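Asker: Just passing along the structure, written as structure tokens.
None of the figures in this text is laboratory data; all of them are computed from the coordinates on show. Just so it is clear, the structure is predicted and the values come from calculations on it, not from any experiment. Cβ placement follows ideal geometry from the backbone for every residue including glycine, while neighbour counts extend to all protein chains displayed.
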Amino acid sequence: MLHECPCGSGEEYMQCCGRYIEGGARVPTAVALMRSRYTAYVLKNTDYIVATAVKKVDSAIIENAMREGDFYRLEIISCKRGGAMDKKGEVTFKAYYRTTEGEGVLHERSLFVNRRGKWLYDEEASIMENFKARE
Ligand SMILES: [Zn+2]
């Protein structure tokens with residue numbers, strides 16, 4: 001059983017992203033979805049990643065990406081809209097990861113849509129940086 005949620009909120013997993021990933025609770029905001037998708041990556045929960053995206057994604061592609069590196073820290077930089085009453089949201093984040101070649105950071109602005117009360121990941125608006133350091 002996980003204690004602290006991997007998303008770094010400081011809350012217990014089942015009080016945080018676990019409610020959505022395992023409990024099936026409704027995700028209230030774009031940021032909450034962003035956090036829970038990050039956590040699903042950390043936990044290698046491909047089904048949750050696929051289920052929370054607008055576009056059909058091949059789970060093999062996600063599993064490959066999961067094998068390449070491990071995320072270890074999430075930083076939410078900013079958020080535009082994305083509240084319970086909004087139809088769209090935009091979240092800018094940095095996700096830090098480790099690979100066998102070293103550490104890297106993915107700095108991305110993602111778009112989210114609210115479909116009748118269900119937040120989904122739409123697409124990346126832009127990737128500012130996806131730096132893979134070499135040791
Ligand atoms: Zn969390």
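Asker: Return the distance in nm (one decimal) between the two label points of a simple spin-label model at Ser78 and Lys56, each offset 7 Å from Cα along Cα→Cβ.
Answerer: Rounded to a tenth, the inter-label distance reads 3.6 nm.
Asker: Viscosity 1.002 mPa s, temperature 20 °C: give me the Stokes-Einstein translational D for the stretch 86-126 in µm²/s, with Rh taken as the Kirkwood radius over C-alpha pairs.
Answerer: Details: Rh = 11.6 Å.
My calculation gives 185 µm²/s for D.
Asker: Specify the inter-centroid distance of the stretch 84-135 and the stretch 3-45, based on alpha-carbon positions, in whole Å.
Answerer: 15 Å
Asker: Relative to the present Cα-Cα distance, how much length would full extension add between Lys118 and Ala65 at 0.36 nm per residue of separation?
Answerer: Fully extending the segment from Lys118 to Ala65 adds 16.5 nm.
Asker: In addition: Once the chain is represented by equal point scatterers at the alpha-carbon sites, with solvent omitted, what log10 I(q)/I(0) does the Debye formula produce at q = 0.15 Å⁻¹?
Answerer: Once normalised to I(0) and log-transformed, intensities are -0.70.
Asker: For helix 59-68, what angle does its Cα long axis make with the longest principal axis of the chain, in degrees from 0 to 90 and rounded to 10?
Answerer: Result, in degrees: 40.
Asker: Measure nothing but the geometry: give the 0 to 90° angle between the long axis through the Cα atoms of 30-42 and the longest principal axis through the Cα atoms of the chain, rounded to 10°.
Answerer: 40 degrees
Asker: Report, by chain and number, residues whose modeled amide H sits under 5 Å from the one on Tyr72, excluding near sequence neighbours (fewer than 5 apart, same chain).
Answerer: It is Tyr96, Tyr97, Arg98, by chain and number.
Asker: For the stretch 17-88, with only Lys/Arg (+1) and Asp/Glu (-1) charged at the beta-carbon, what is the dipole magnitude about the Cα centre, in debye rounded to 20?
Answerer: On the way: 13 positive and 8 negative charges, 87 e Å.
Using Cβ point charges on Lys, Arg, Asp and Glu, the stretch 17-88 gives about 420 debye.
Asker: What are the residues whose amide H is under 5 Å from the amide H of Val27, where those residues sit 5 or more places off or on another chain and H is modelled from the backbone?
Answerer: Trp119
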